[in-house]
Amino acid sequence: MTSVGVINRPTTSLVHYRWAYFMDWANFRAEFPVTRQWAFLDHAAVAPLPAPAAKAICEYAESLANHGIAAISHWTHRVRDVRALAARLVNAAPEEIAFIKNTSEGVGFVADGFHWHPGDNIVLAAEEYPANQYPWLNQAYRGVGVRSVASRGSRIHIDDLRAAMDARTRIVSLSFVEFASGFRNDLNAIGSMCRERGILFLVDAIQGLGVYPLDVRQTPVDFLAADSHKWLLGPEGQGIFWIRRELIDRLHCIGVGWNSVQDPMNFGKIDFRLKPGADRWEGGALNVAGIAGMGASLELLLNTRIVQIEKRVEELTDYLCEQAPRVGLEVFSSRLPGEKSGIVSLRTGERDPLALVKHCRQAGVIVNQRLGRLRVSPHAYNNQQDIDRLLDALRS
């Protein structure tokens, strides 16, 4: 049996890897067991875990099995370290980060905690994923309206967002990258427009975080929520919520529990003073296994550098878009600089996209379909051979 003393230091850190390792994409690819069987091109859905994340989750399970609460100090420190990694990812302070179960929970913190007045409204895109629609529609009982802005083809025009705003618009809520079209919103331009009007800006970052850099100190964003199970390559049921420090006290804290207060371990004393940071939203016990897994993936991504991942993903998706017409597909997604993303939406003509998804799976290729179009979403560990394997399956 492993002794308690052995677990005082995390064993999942990747900081010992040399820089050159991450510029060798073949070695990076070797961290993903899924590549032994599949050409996995569906990271906009649920990504496969890299080996370090799977190892971290297993280490937590083994620690809990062998030591129970005796190992709590080690995992408390690991939670602290992963919070710092999440903060580093977006250039935030750790006290601005809360761990969440999923993106919906983070959006709900803002939607349910904001001090609304009847007649207020929210502006969002009509094609937003439901996680960024239902929490806002749920505010109708408070007299709050939702203004949905339709896309023009594959693109959301900032002028249309501007036209939807008025003196009663309190929040604009948009995805970093739209889940069906792959359109990447200009967060800097939209955030600046919101600041000029005194409107808060929430970003559902789940389809962009991990592939595209996002610096919350430079980009005028006020709230951010993202689950880890897509481009962050982490487990389902674990994500991050970021809130600008000066806004923490402007939201009513929902989901309050024993862990929301300043002295949470003093169980015999009731002293209702909320923590000063975003962790006041962590009302109860945390998903430590999920945090450990997400932390290992964050280390992998950060040590690789997000700018390198962005370049790699765009190389792969550019290649796909160049080749797609040769197998009878039409690129629907905007591929303009600043608008393209890791998601490529493809029109399939007379062919049923769902049937194509099933056919590709039989050929060992994982893709998906959304809104009647084929959706392909490679990550940085994928290679040209994976794209060619997809093209061969579609050609057949």
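Quick note: the coordinates plus some simple rules give every number you see, no bench work behind them. Everything numeric in this text was worked out from a predicted model, so none of it was measured. With ideal geometry, Cβ positions are generated from the backbone for all residues, glycine too; neighbour counts draw on all protein chains shown.
At a glance:
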quantity: From phi via Karplus (6.51, -1.76, 1.60), per-residue ³J(HN,Hα) for region 319-331 in Hz, x at Gly/Pro; calculated: 4, 4, 5, 5, 8, 4, x, 6, 10, x, 10, 10, 6
quantity: DSSP-defined antiparallel bridges as percent of all bridges, the chain, nearest 5; calculated: 50 percent
quantity: Around residue 346: net Lys/Arg minus Asp/Glu count, Cβ-Cβ under 11 Å; calculated: +4
quantity: CD proxy at 222 nm, helix term only [per DSSP H run n ≥ 4: -39500 (n - 2.57); per residue of the chain; nearest 500]; calculated: -10500 deg cm²/dmol
quantity: Fewest-first sequence of 35, 169 by Cβ atoms within 10 Å of each Cβ; calculated: 35, 169
quantity: Fewest-first ranking of 263, 227, using other Cβ atoms within 10 Å as the exposure measure; calculated: 263, 227
quantity: Residue among 69, 122, 171 with the largest mean-square fluctuation in a Gaussian network model of the chain, springs linking Cα atoms under 10 Å; calculated: 69
quantity: Radius of gyration, Dmax [region 80-302; alpha carbons; angstrom]; calculated: 17.1, 59
quantity: Region 300-377-region 210-287 distance, computed between alpha-carbon centres (Å); calculated: 33 Å
quantity: Debye, to nearest 20: dipole size of the chain, +1 on Lys, Arg Cβ, -1 on Asp, Glu Cβ; calculated: 80 debye
quantity: Lys, Arg +1 and Asp, Glu -1 on Cβ, resulting dipole of region 306-395 about Cα centre, debye, nearest 20; calculated: 300 debye
quantity: Estimated vicinal HN-Hα couplings, Hz - region 31-38 in sequence order (Karplus 6.51, -1.76, 1.60; Gly, Pro = x); calculated: 6, 10, x, 4, 5, 5, 10, 10
quantity: Residues whose placed amide H lies under 5 Å from that of residue 366, excluding near-sequence neighbours; calculated: 39, 40, 41
quantity: Mean separation of Cα contacts under 8 Å (6+ apart) over length of the chain, as relative contact order %; calculated: 23 percent
quantity: For residue 146, residues with placed amide H under 5 Å, excluding near neighbours; calculated: 122
quantity: Under 5 Å, built H, 5+ apart or other chain: amide partners of residue 286; calculated: none
quantity: Residues 209, 286, sorted so that the one with the fewest Cβ neighbours within 10 Å comes first; calculated: 286, 209
quantity: Charge tally in the Cβ shell below 14 Å around residue 371, where Lys, Arg are +1 and Asp, Glu are -1, residue 371 excluded; calculated: 0
quantity: Full-stretch length increase - residue 388, residue 361 - with 0.36 nm per residue and alpha-carbon distance subtracted; calculated: 8.3 nm
quantity: Most mobile listed residue (371, 301, 320) in the chain, GNM with C-alpha springs under 10 Å; calculated: 371
quantity: Over region 183-329, relative contact order from alpha-carbon pairs under 8 Å, at least 6 apart, %; calculated: 22 percent
quantity: Radius, Kirkwood style, for the chain when every pair of distinct Cα atoms is counted (Å); calculated: 22.1 Å
quantity: Karplus 3J(HN,Hα) series, Hz, for region 117-129 with 6.51 cos²θ - 1.76 cosθ + 1.60 (x for Gly, Pro); calculated: 10, x, x, 5, 9, 10, 10, 8, 7, 5, 9, 4, 4
